[in-house]
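Structure record follows, encoded as structure tokens.
Every number here is computed from the coordinates shown, using simple stated rules; none is lab data. A quick note: this is a predicted structure, and the numbers were derived from the prediction, not measured. As a convention, Cβ positions derive from the backbone with ideal geometry for all residues, glycine included, and neighbour counts pool all protein chains shown.
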Amino acid sequence: MNLTFFKRFRMEIGLTGRYIPEPVLPAGYRFLPWSPTLLERHAEAKYRSFRAEIDANVFPCLGEYAGCLRLMEEIARKQGFLPEATWLIAKGETLTAKGEAGKVSTGTTGGIEYCGTIQGIRDSRGVGAVQNLGVTPEHRGLGLGACLLLKALRGFQAEDLPRAFLEVTAQNEAAIRLYEEMGFRRARTVYKAVEVAYT
Ligand SMILES: CC(C)(COP(=O)(O)OP(=O)(O)OC[C@H]1O[C@@H](n2cnc3c(N)ncnc32)[C@H](O)[C@@H]1OP(=O)(O)O)[C@@H](O)C(=O)NCCC(=O)NCCS
């Protein structure tokens, strides 16, 4: 095995006194608040958002549906898990909460599409931690990523958290630009060691 180091930035934003607007989604999209019945839908959106991206190399679990499901289960079980900062975006027919969870998504053809996901937790120091923000490739560039981030930040504010942070891989320019436009600033550089098999 070979160790590869990925450069990552820890980015932070102050929330106290900051105006964070309620985001407005483009027509046809809607927010789904957290419900345990949507756990698999979050995992699906996460998997389709990350499977072909740099972060699937940094965190191999993001490159597999089973890994994303496990990750979602771990996040939802965490003591500091914040439902208010955890959102899913769906596109397609509207169903009741029960039907939504029971409906099988068909990806890009008809039915309900789960296009984006974000999760938030309160860390041990009382700071909001953004988990994996992801928008599926077919729905990028429409503002969905920014909308999800705003929803999560408003969720942290509703819990009176003074600050929020996230980590982003240095090569992920689209995400860094989004975070900087939102007001996040680089606080620290960290390196994530990943074991890569020799080929
Ligand atoms: C990063 C990601 C969530 C952005 O989602 P999105 O819905 O396309 O983003 P938005 O449409 O809301 O774009 C908001 C801003 O992000 C930046 N941005 C988004 N895509 C970009 C791109 N391809 N290149 C450069 N900047 C980009 C821009 O600043 C943009 O603002 P603008 O439209 O005013 O130029 C999405 O690309 C994604 O899921 N990537 C793979 C998963 C990932 O890496 N997540 C981040 C983990 S830290």
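All other residues whose Cβ lies under 12 angstrom from that of A158 are scored, Lys and Arg at +1 and Asp and Glu at -1, for a net of -1.
Applying a length cut-off of 15 Å (Cα extent along the axis) and a mean Kyte-Doolittle floor of 1.0 to the DSSP H helices of the chain leaves 144-158. Between the amide H of W34 and those of T86, distances stay under 5 Å, these residues lying 5 or more places away or on another chain, with hydrogens modeled in the peptide plane. For R10, the shell of other residues with beta-carbons less than 14 Å away shows a net charge of +4, using +1 for Lys and Arg and -1 for Asp and Glu. Taking amide hydrogens as placed 1.01 Å from N in the peptide plane, the amide H of C115 sits under 5 Å from those of I89, A90, K91, each at least 5 positions away in sequence or on another chain. Distant-in-sequence amide contacts of F59, defined by a placed amide H-H separation under 5 Å and a gap of 5 or more residues or a different chain, comprise nothing.
In this simple spin-label approximation, A197 and I54 carry label points 7 Å from Cα along the Cα→Cβ vector, and these lie 2.5 nm apart. For I54, neighbours were defined as the other residues whose beta-carbon sits under 14 Å from its Cβ, and their charges (Lys and Arg +1, Asp and Glu -1) total 0. Sequence-ordered 3J(HN,Hα) estimates for the range 53-64 from the Karplus curve with 6.51, -1.76 and 1.60 and θ = phi - 60° stand at 10, 3, 5, 6, 7, 6, 10, x, 4, 6, x, 9 Hz, glycine and proline given as x. Taking the DSSP bridge list for the chain and keeping only pairs wholly inside it, about 95 percent are antiparallel.
Taking every alpha-carbon pair under 8 Å whose residues sit at least 6 apart, the chain reaches a relative contact order of 38 percent.
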